[in-house]
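We did not get these values from a lab; they are worked out from the coordinates using the rules stated. Please read these numbers as outputs of a predicted model, since none were measured by experiment. Quick reminder, even Gly has a Cβ in these numbers, built from the backbone with ideal geometry, and neighbours come from all protein chains shown.
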Amino acid sequence: MLEGQQAQLAAAIAEHVHEKRYRKAAQMVSDYCGLNKKIASDNQKDWLPPLQIYLHWLLGNNGMTEAAQLLWTPNQFNPHPQSTKDVWKLFDEARTGLIMGAGSMSKVVS
């Protein structure tokens with residue numbers, strides 16, 4: 001889980017993505033990373049690459065929670081339960097693992 005400014009940035013980017021403001025989200029990534037690239041249109045070819053690179057960066061830099069929040073809305077997935085954190089810890093620390101009966105883990109049910 002990220003902290004401080006990086007966590008706030010990830011939350012803001014996720015909010016823009018979920019509200020379908022992809023160009024704004026991509027511009028935030030570009031500005032924060034110093035890419036000096038203006039995302040000039042709403043064309044997917046312009047905004048998708050920076051968001052994909054950012055998602056991969058999150059996944060590779062202890063940002064599993066933030067990556068999940070970027071991919072899914074709070075109504076679809078909750079990354080905060082301890083069981084979810086335990087699974088992510090398993091991915092980081094073990095070469096193999098067995099997770100039984102976790103089909104509904106972290107899914108939001110109403």
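Odds and ends about this structure:
- The value of relative contact order for the chain, using C-alpha pairs under 8 Å at least six residues apart, is 24 percent.
- Spacing of the two label points (7 Å from each Cα toward its C-beta) at R95 and A11, in nm: 4.0 nm
- FRET efficiency, Q82 to Q52 (Cβ-Cβ, R0 41 Å, nearest 0.05): 0.90
- Cα gyration tensor shape for segment 13-55, rounded if a/c is under 1.5, else prolate or oblate: oblate
- Among L71, L35, L55, the largest mean-square fluctuation in a Gaussian network model of the chain (Cα springs under 10 Å) belongs to L35.
- In segment 1-49, the GluC sites (Glu not before Pro) that fall in loop regions by DSSP, at most 16 other Cβ within 10 Å: E3, E19
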